[in-house]
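In what follows, a single structure is set out as structure tokens and then discussed.
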Amino acid sequence: MLPVVVVHGGAGHIPKERAQNSTSGVSAAARAGYIVLKGGGSSMDAVVEAVTQLENNPSFNAGCGSVLNVKGEVEMDAFVMDGKTLATGAVSAVRDIANPTQLARLVMDKTSHACLTAEGAKQFARSMGIPEVPMESLITEYSRMRWRKNIAPDANPVECQMGKMGTVGAVAVDSEGVVACATSTGGMLNKMEGRVGDTPCIGCGGYADNNSGAVSTTGHGEAIMKVVLARLILFYMEQGQSAEAASDSALAYMKSRVDGLGGVVTVDPRGNWAARFSSRQMAWAAAQKDTLHYGLYTGEHFTQSIDEPH
């Protein structure tokens with residue numbers, strides 16, 4: 001079963017013209033993470049590599065392509081967790097960095113803290129030699145167009161969240177049976193300045209524990225935080241549910257309790273995995289035993305050889 005990596009490109013409503021890019025983007029990211037695992041890299045190396053690929057892909061709401069806040073600026077959150085030691089690293093409200101996930105990993109590896117925010121995260125990035133990038137380089141024409149539409153006085157808030165590409169993330173198990181997760185996001189469209197969602201909050205945007213498994217979540221951040229979605233899934237798994245059943249149970253609970261929609265990728269330490277969502281769509285891909293699995297709509301599950309061009 002091992003190793004395995006599973007990736008998501010965000011839950012929500014993906015316009016037809018962007019669907020193909022989403023599917024090929026998560027497939028490429030899963031492939032990149034799998035190459036790391038096959039080369040003997042750790043699950044942490046694999047999830048950071050996979051999510052870095054998604055941050056660099058303008059089709060996703062993370063890194064380049066992040067949605068804009070109410071002032072038309074980018075503020076990004078990211079989170080990583082290692083299932084062997086429960087070591088975590090997170091950053092929130094960072095602005096001038098191309099790959100917040102890599103910075104979150106440095107918070108985990110190089111500090112005694114779990115989360116750094118805004119200006120403090122920026123100073124830490126500088127001290128680690130991470131190059132600053134101009135904010136303009138992270139803003140796509142698509143993000144700017146949607147921001148403009150949404151600040152219009154007659155904007156329909158429901159329509160505004162349509163076409164919202166959610167958070168991105170990955171989970172993996174390496175050949176040693178160590179699990180890890182990474183999650184990264186540009187947050188919510190037209191959010192207030194300083195708003196932080198579920199992504200960098202431990203147990204919400206992700207969780208990894210070798211005793212149960214690893215999860216990365218996506219969806220409505222405020223709803224995810226209220227039910228501590230990632231940890232809830234692992235709680236169900238500790239009670240004996242499979243990765244798939246636990247993911248469905250927790251998503252159903254979030255829907256019934258706080259009317260929240262979302263999606264998750266989940267693995268257990270033996271390499272069983274799931275990609276489940278209650279939203280209309282979620283681009284996802286998994287790589288295991290030299291096979292690529294992927295899908296976008298509920299019930300969709302395509303497979304091909306990992307070496308075939310997508």
Got a sec? Which of GLN288, GLN304 is free of Cβ contacts under 8 Å to residues at least 24 places away in the same chain and within 23 Å of ALA28 (Cα to Cα)? GLN304
Taking the conditions exactly as written (surrounded by fewer than 17 Cβ atoms within 10 Å (Cβ to Cβ), in contact (Cβ under 8 Å) with a residue 40 or more places away in the chain and within 25 Å of PRO3 (Cα to Cα)), does ARG280 satisfy them or not? no
Matching residues in region 243-281 - criterion: being touching a strand residue (DSSP E or B) at 6+ places or on another chain (Cβ under 8 Å), hydrophobic (A, V, I, L, M, F, W, C) and modelled with pLDDT of 95 or more: ALA243, ALA246, ALA250, LEU251, MET254, VAL264, VAL265, VAL267, TRP273, ALA274, ALA275, PHE277
Give HIS293, HIS301 a once-over and let me know the one that is surrounded by fewer than 13 Cβ atoms within 10 Å (Cβ to Cβ), in contact with a strand residue (DSSP E or B) (Cβ under 7 Å, 6 or more places away or on another chain) and under 26 Å from ASN61 (Cβ atoms). HIS301
Could we say that GLU49 is of a type in the set (D, E, K, R), within 22 Å of ILE224 (Cβ to Cβ) and at pLDDT 95 or above here? no
Hand me the list of helices (runs of 4 or more DSSP H) wholly inside region 212-271 holding 3 or more residues that are under 16 Å from MET81 (Cα atoms) and hydrophobic (A, V, I, L, M, F, W, C). 229-238
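Scan region 49-70 residue by residue and report those that are closer than 18 Å to GLY221 by Cβ and hydrophobic (A, V, I, L, M, F, W, C).
If the condition is that a residue be closer than 18 Å to GLY221 by Cβ and hydrophobic (A, V, I, L, M, F, W, C), then VAL51, LEU54, PHE60, ALA62, VAL67, LEU68, VAL70 are the ones that fit.
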Working carefully through the options GLY65, GLY83, GLY120, find the one that is among the small types (Gly, Ala, Ser) and at positive phi. GLY65
What are the residues in region 94-110 that are of a type in the set (Gly, Ala, Ser) and surrounded by 23 or more Cβ atoms within 10 Å (Cβ to Cβ), if any? ALA104
Test: MET165 is touching a Phe, Trp or Tyr at 6+ places or on another chain (Cβ under 7 Å), more than 21 Å from GLY83 (Cβ to Cβ) and either assigned to a loop (DSSP other than H, G, I, E, B) or modelled with pLDDT of 95 or more (or both): yes
For region 11-63, what are the residues that are surrounded by fewer than 22 Cβ atoms within 10 Å (Cβ to Cβ), closer than 23 Å to GLY262 by Cα and acidic (Asp, Glu)? GLU17
Over region 111-140, the set of residues closer than 22 Å to PHE60 by Cβ and loosely packed, with under 15 Cβ neighbours inside 10 Å is PRO131, GLU132, PRO134, GLU136, SER137
Right, SER143: surrounded by 19 or more Cβ atoms within 10 Å (Cβ to Cβ), in a helix (DSSP H, G or I) and not basic (Lys, Arg) or not? yes
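The values are calculated or read from the model by the stated rules, or taken from the named source; none is laboratory data. Computed from a predicted structure; not experimentally measured. All Cβ positions, glycine included, derive from the backbone under ideal geometry; neighbour counts span all protein chains shown.
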